[in-house]
Structure formats: structure tokens, C-alpha cells
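The values are calculated or read from the model by the stated rules, or taken from the named source; none is laboratory data. No experiment lies behind these values; they were computed from the predicted model shown. In this analysis, Cβ positions are derived from the backbone assuming ideal geometry, glycine residues included, and neighbour counts consider all displayed protein chains. When the accessible area is computed, the model is the full protein with side chains, heavy atoms only, and any ligands, DNA or RNA have been set aside. Shrake-Rupley method; radii C 1.70, N 1.55, O 1.52, S 1.80 Å.
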Amino acid sequence: QVQLVESGGGLVRAGDSLRLSCEVSGRTYNHYTMGWFRQAPGEEREFVAGIRWNYGTTYYGDSMKGRSTISRDIAKNTVYLQLNSLKPEDTAVYYCAASSLWTRDARMFDYWGQGTQVTVSS
């Protein structure tokens, strides 16, 4: 089983940047994808970015395209999400997730972290 723990969220001002971290513990598996999602109150969970753990290939959703960068450090068992030029509408809980598939569909992700709150003030 896999446990995911997000960190790095907080209260920032519009235009600022954050780097979110997701530490992966427990047993890993072959050919999996790490993804970042976000969910604002009353809204559906939406895909932000994904990365193939073994190969480092990345893909992005539309919500923060051009303002987010996903990366991972295999030695540290950690995946990151760099957020730039943050806007108040980026305020949400950001979740880290893991899937055995190359997908952006939240329903296909098997493991989820507890989320980390990002709040952007104007």
C-alpha cells in the first residue's frame, strides 16, 4: 500500500508562488503516475498535473497550464508542484494522488493524500 502526505500549502498573496510537496511512503509499484488535483468548496475535483514516476514525463490540465510545474525526486520519494502567478481563484485544497495508469481521471487514481490548503488573497 501507498501513503501520500502533502505539505507546503498556506496563505499567499496574488502573484506569489508556492511549491507543494507530496511524500510517498510504503511500497511503490511499477509504471505509476503521480498526479496533483485541486478542489475548491462546492466545485468538482479537477486535474492539475501528472508525472510518470519512472520516466519523468509530464502532462498538465487546463486549470493551471503555464503556471504550474510538476516534478519528482526519486531519491526523496517526493513529487512537487510548483505554482506560480497565483490568483485568488486558485484557492483550493490541493491533493496528491497515485495511479497505476497514465491518466488524468481522478476516478482512476488509487491512493490519495489528505490535501493541503492553498489560499490566495488579492
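Note on the stretch 14-110: with neighbouring protein chains present and a 1.4 Å probe, carbon and sulfur make up 43 percent of its accessible heavy-atom surface.
So what is the accessible area of the chain per residue, in Å², with the probe set to 1.4 Å?
Working: 6460 Å² over 122 residues.
That works out to 53 Å² per residue.
How high is the FRET efficiency from Thr57 to Ser7, r the C-beta distance, R0 25 Å, rounded to 0.05? Once rounded, the FRET efficiency stands at 0.55.
Remark: relative contact order (the chain) = 36 percent; criterion is Cα-Cα distance under 8 angstrom and separation of 6 or more residues.
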